[in-house]
Amino acid sequence: MAKYENLLKPVRIGKNVVLKNRLLSSNGLPHFLQGPENWPNDPIMLYQAQIAKNAAIVTIGNWTNLKQRESRGDGAHFPMFNIKDPAVENSLALYCEVIHMYGAKATIAVNAVAPAGYGVCDSEGGGGMMMGPPPGGPGEEDDDIAPGGGMMGPPMDEDMSEEDKKKMMEEMMAMMGGGKKKAVTPEIMQDIIKQVVKDCKYWKDIGFDGASFHMAYQGPLCAQFLSPLCNKRTDEYGGSIENRARFPLAICEAVKKELGEDFIIEVLMSGKEAPGGITIEDTVAFAKLAEGKVDILQIRGGDGDEAHPTTFNSTKIPVTLEVSEAVKKSGAKILTAPIGGLQDPDLAEQWIAEGKMDMMAAARAYIADHDYTKKLTEGRGDDVVPCIRCNKCHGASMTGPWISFCSVNPTIGVDHMTERLFKPADKVKKVAVIGGGPAGMNAAINLIDRGHKVVLFEREAVLGGQLIHADYATFKWTIKDFKDWLVYQCGKKGVDVRLGKTPTVDEIKAEGFDTVIVANGAEPNIPDIPGLVNPDGSLAANVFTPISVFGNVDKLGKKVAVVGGSEIGCETGMYIAENDRDVTVLTRKNTLAPSAQRVHYNLPAVGYHGLKRKTGCTTIGFADGKLSYVNHKGIEKSIEVDSVVISGGLNPRQEEALAYYGAAPEFYICGDAAGDGEGNIAKVMRSSWSIASMV
């Protein structure tokens with residue numbers, strides 16, 4: 001019996017459709033694979049082929065609104081397919097064929113769209129699509145909050161022009177159904193149904209096997225029909241779930257009737273919303289009503305953030321699992337596919353075996369590891385690369401760079417050219433890797449995979465480098481999992497790890513290494529602020545760096561100031577606050593964490609942990625228990641603190657690294673040491689992977 005028997009077990013739907021396994025890839029294409037082409041280009045084709053190797057169903061977005069490229073911001077960089085050009089149909093058909101070559105089914109996202117000015121009911125405003133918690137923390141003073149900044153940085157980056165901000169807000173309002181609306185009539189509903197059927201027939205003729213209807217987050221029209229938070233109708237389309245589901249299910253039924261029972265229909269539904277919204281009982285009732293009309297019910301969170309969980313708002317158990325379990329217990333004849341951080345194959349296998357779900361819906365799982373299913377087939381679930389839920393596959397910021405990447409899978413965005421960029425190793429080499437942080441460990445792992453013999457030197461008594469901080473902050477549990485996975489892989493693959501050792505140049509030469517790769521990281525930058533440093537260069541009393549705080553929070557006083565509002569500074573402050581300290585974060589920027597990932601991240605824990613913030617404030621000195629600063633109005637002020645944590649960025653240890661040049665015929669620097677990281681996992685992983693791929 002296979003270790004992952006249930007996950008890998010085929011399932012039949014419709015009359016003649018067999019899904020090769022229980023893995024479903026939701027609409028999760030990294031945003032920036034597409035260039036100016038108006039058709040699926042090679043990077044998209046190859047990326048989706050990688051997904052099709054794993055999942056039984058691969059969904060792509062219905063990106064056909066070419067006008068969206070005229071705007072700025074996130075939406076402008078989605079792929080856009082010009083289906084008015086018949087030649088584009090060739091590429092779309094080939095796209096489907098590539099998916100089919102891997103035994104998977106291709107589905108496309110389809111939305112029911114009301115005419116302009118119409119919505120579920122007479123209303124003003126929009127739905128609840130991807131709306132995060134309100135910004136702000138306790139104890140803030142208006143004078144010390146710079147104008148134009150929120151609790152965190154993007155989506156409104158301070159460098160965006162006012163025109164771009166306006167356009168982006170218009171896009172967001174349109175996505176959420178904003179503006180004054182009139183209720184669609186039954187006659188309009190029939191027109192919408194006919195259009196959806198027509199659209200689905202077009203996509204079926206192209207080669208798609210089914211449609212994925214987005215009915216979640218109170219955003220699309222059908223989602224607003226389903227949610228009592230939006231649907232205030234008093235006719236046969238409002239009130240009970242039977243009435244609220246009438247129009248959405250009429251669409252599904254019409255598509256099934258016209259295109260046949262083997263045309264796959266998936267519905268994305270918020271399984272449980274905020275009080276007053278959809279309940280678990282509603283979702284169970286919907287599932288029963290959907291029998292014969294819907295094949296797969298993909299159960300999503302109540303809003304976009306909940307459905308795209310981060311380390312701050314989730315655990316390994318998705319919030320959607322209890323909804324899926326309730327649907328399964330009801331006996332509804334429909335496949336359930338909860339979503340929201342599912343990746344752990346052992347847990348997914350267990351939940352299918354226990355009858356809590358039928359399929360594992362995910363996107364990031366296959367982005368993080370293109371060999372997910374291969375590893376399951378070989379019983380190697382412990383080798384699956386952990387997703388750290390950073391959501392950077394959505395992009396890093398609203399101001400670029402406009403490239404797709406994954407923090408833990410460095411091939412994302414460039415895998416269509418890796419065979420041309422890197423050739424297989426032509427001989428076995430003996431390689432010294434100096435530094436056991438994420439860059440060093442990743443380099444060592446990839447070097448072993450290329451057939452080399454590797455010795456990894458680490459000055460500390462443990463591997464991990466700056467990722468060690470994740471052992472202490474509860475909200476960094478995914479980073480801890482990833483760090484532990486890297487350590488495990490080094491051991492499993494046979495890397496010769498030498499802890500507590502910084503080799504000399506002569507020692508490297510003496511062992512006869514062919515190659516030396518230095519990944520010795522970076523050290524904290526201490527800004528030139530009076531009172532932070534002693535005359536001998538050491539930190540003054542009660543002054544700390546971020547990395548020195550983790551595991552040593554007992555050395556801090558009750559009142560703590562963090563100088564520097566980067567992501568590192570904010571998360572250090574959150575960890576300190578988590579340990580019952582009063583924390584204030586000061587930054588010269590007009591917002592906290594301006595470079596933080598801008599979709600779904602929102603740094604909700606900043607507010608939840610009770611951090612105080614002072615934005616647009618420049619720290620000018622620390623003495624006698626007082627931290628002095630000048631606020632955005634030019635007023636000099638001070639606060640009483642017991643301890644100060646300086647988050648002033650990182651300085652690469654380049655002089656130390658360069659000393660190893662000449663110790664072996666080949667010499668490389670990677671990760672933070674090369675200036676490629678600044679504490680950014682994605683950058684050091686790509687840097688170390690690419691360097692290792694050249695050896």
Among the residues of the stretch 270-285, are any within 25 Å of ILE60 (Cα to Cα) and in contact with a Cys (Cβ under 9 Å, 6 or more places away or on another chain)? no
Please state which of the following conditions GLU571 fails to meet, knowing it meets all the rest: (1) in a loop (DSSP other than H, G, I, E, B); (2) surrounded by 19 or more Cβ atoms within 10 Å (Cβ to Cβ); (3) touching a Phe, Trp or Tyr at 6+ places or on another chain (Cβ under 9 Å). (1)
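A quick yes/no check of all residues on (1) in contact with a helix residue (DSSP H, G or I) (Cβ under 8 Å, 6 or more places away or on another chain); (2) hydroxyl-bearing (Ser, Thr, Tyr); (3) surrounded by fewer than 23 Cβ atoms within 10 Å (Cβ to Cβ):
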| site | (1), (2), (3) |
| --- | --- |
| ASP303 | no, no, no |
| PRO318 | no, no, no |
| LEU321 | yes, no, yes |
| LYS329 | no, no, yes |
| PRO338 | yes, no, no |
| LEU342 | yes, no, no |
| ALA353 | yes, no, yes |
| TYR366 | yes, yes, no |
| VAL384 | yes, no, yes |
Are there helices (runs of 4 or more DSSP H) fully within the stretch 322-411 with at least 1 residues that are closer than 21 Å to GLY301 by Cα and of a type outside the set (Asp, Glu)? List them. 345-353, 364-368
Total residues in the stretch 231-242, condition more than 12 Å from VAL120 (Cα to Cα) and touching a helix residue (DSSP H, G or I) at 6+ places or on another chain (Cβ under 9 Å): 4
Of the residues in the stretch 41-85, those that are in contact with a Pro (Cβ under 9 Å, 6 or more places away or on another chain) and within 17 Å of TYR202 (Cα to Cα) come to ILE60, GLY61, TRP63, PHE81
Checking GLY565, GLY531, GLY610 in turn, the sole residue that is in a loop (DSSP other than H, G, I, E, B) and modelled with pLDDT of 95 or more turns out to be GLY531
Looking only at the stretch 241-262, decide whether some residue is closer than 23 Å to THR107 by Cα, of a type in the set (Gly, Ala, Ser), in contact with a strand residue (DSSP E or B) (Cβ under 8 Å, 6 or more places away or on another chain) and open to solvent by less than 10 Å² (accessible area, probe 1.4 Å). no
Are any residues in the stretch 550-568 open to solvent by 40 Å² or more (accessible area, probe 1.4 Å) and touching a strand residue (DSSP E or B) at 6+ places or on another chain (Cβ under 7 Å), and if so, which ones? LYS558, LYS559
So which pairs qualify, if the first residue must be in the stretch 202-224 and closer than 22 Å to GLY117 by Cα, the second must be among the basic types (Lys, Arg), the Cβ gap must be under 7 Å, and the two must be at least 6 apart or on different chains? ALA216/ARG300
For the stretch 40-58, which residues satisfy the criterion of being surrounded by fewer than 21 Cβ atoms within 10 Å (Cβ to Cβ) and in a loop (DSSP other than H, G, I, E, B)? ASN41, LYS53
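The values are calculated or read from the model by the stated rules, or taken from the named source; none is laboratory data. These numbers were taken from a predicted model, which means no experiment stands behind them. Note: ideal-geometry Cβ built from the backbone for every residue, glycine included; neighbour counts use all protein chains shown. Just the protein is used for accessible areas: all its heavy atoms, side chains included, with ligands, DNA and RNA removed. Shrake-Rupley method; radii C 1.70, N 1.55, O 1.52, S 1.80 Å.
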